[in-house]
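Asker: Here it is, the structure, as C-alpha cells.
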Amino acid sequence: MSTVKAIYPGSFDPLTNGHLDLIARGAKIFDHLVVAILKNSEKAPLFSVPERIEMLTESVQSFGNVSVATFDGLLVEFVVQQCAQVIVRGIRAISDYEYELQMALMNRRLAPQVETVFLMADEKYSYVSSRLIKNVFELGGSVDGLVPQAVVSRLQARVLPNKNR
Ligand code: PNS
C-alpha cells in the first residue's frame, strides 16, 4: 500500500497553538508529516532556528508520525528531496487565501506532481498569528493559552530590554 508523506512548511517564529492544531489534523490524515522550518527567512526572527527546532520537537513528540526538519531555498525542491507528495498550509481567514493561492499555484507550476492541501485550524485560533504573538509578548502582554507550553516557558525565560519581568 502506498503511503502519503506531507510537508508542513513555515517560519514558526514562534510555533502557536493554531500551528499545533493544524499539525494534529495533518498527522491524522497523512502517514507522515514533516514540519519544515524555513531557515533563510528575510524577517528578523525572535527565536533562532535551533530554538525553533527545539520548541517544535518538544511540542510534536506525542505524535508518532510527525518529525521536524529545516529547509533552505525552494520549498518544492525540499518536498521532492523528501519524497513527499503533499504541502500542507493553514488558512485562517479569506485574507490568507490570496497569498496562499499564489504560492500554491506557483509551487504547482514548479512541481506539478506535488499537491497543496489547505487545512483550517479550530476557529478559536483564527486570530492567532506568530506576528501578533511576538508583538503582544514584546509589549509585555500575556500569550498564555495561545502558544504551546514549550514556547511559553521560552518566552518567559527571555528577558526583554526595558521590561521589568
Ligand atoms: O509561515 P510562513 O512564513 O507564512 O511560511 C512561508 C513559507 C515558508 C511557506 C514560504 O515563504 C516558502 O515556501 N518559502 C520557501 C521559498 C520558496 O519556495 N518560495 C516560493 C514559494 S511559491
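The values are calculated or read from the model by the stated rules, or taken from the named source; none is laboratory data. Small disclaimer: the values here were computed from a predicted structure and weren't measured. Methodologically, a virtual Cβ is constructed for each residue, glycine included, from the backbone with ideal geometry; neighbour enumeration extends over all protein chains shown. Areas reflect the complete protein model, heavy atoms only, side chains present, ligands, DNA and RNA absent. Shrake-Rupley method; radii C 1.70, N 1.55, O 1.52, S 1.80 Å.
Asker: Would you give the gap between the C-alpha center of the range 1-36 and the C-alpha center of the range 101-156, rounded to a whole Å?
Answerer: Cα centroid to Cα centroid, the span is 12 Å.
Asker: Taking a 1.4 Å probe, which of Met103, Met120 shows the most accessible area, and what order do the others take after it?
Answerer: On the way: Met103 60, Met120 120 Å².
Correct descending sequence by accessible area is Met120, Met103.
Asker: Something else: If you wrap a convex hull around the Cα atoms of the chain, how much volume per residue is inside, in Å³? Working shown, then result.
Answerer: Working: hull volume 19.1 nm³, N = 165.
Dividing the Cα hull volume of the chain by its residue count gives 116 Å³.
Asker: Just by accessible area at a 1.4 angstrom probe, what is the order of Arg89, Arg52 from largest to smallest? Write out the running numbers ahead of the final one.
Answerer: Numbers: Arg89 50, Arg52 10 Å².
The ranking, largest first, comes out as Arg89, Arg52.
Asker: How far is it, in nm, from the label point at Phe118 to the one at Asp31 when both lie 7 Å from their Cα along the line to the Cβ?
Answerer: Placing both labels 7 Å beyond Cα along the Cβ direction yields 2.8 nm.
Asker: Taking 7 Å along the Cα-to-C-beta vector as the label spot, tell me the Ile94-Arg108 distance in nanometres, rounded to one decimal.
Answerer: Going from the Ile94 label point to the Arg108 one covers 2.1 nm.
Asker: Restricting to lysines 8 or more places apart or on different chains, can you count the pairs in the chain with Cα atoms under 24 Å from each other? Mind showing how you got there, number by number?
Answerer: Working: Lys5/Lys28; Lys5/Lys39; Lys28/Lys124; Lys39/Lys134; Lys43/Lys134; Lys43/Lys163; Lys124/Lys134; Lys134/Lys163.
Value for the chain: 8.
Asker: Using label points projected 7 Å from each Cα along Cα→Cβ, tell me how many nm separate Ser62 and Thr3, to one decimal.
Answerer: Going by the 7 Å Cα→Cβ label model, 2.3 nm.
Asker: Of all alpha-carbon pairs in the range 21-84, indicate the percentage at a distance above 18 angstrom. Show your work: numbers first, answer last.
Answerer: Details: 834 of 2016 pairs.
Taking all Cα-Cα pairs of the range 21-84, the fraction more than 18 Å apart is 41 percent.
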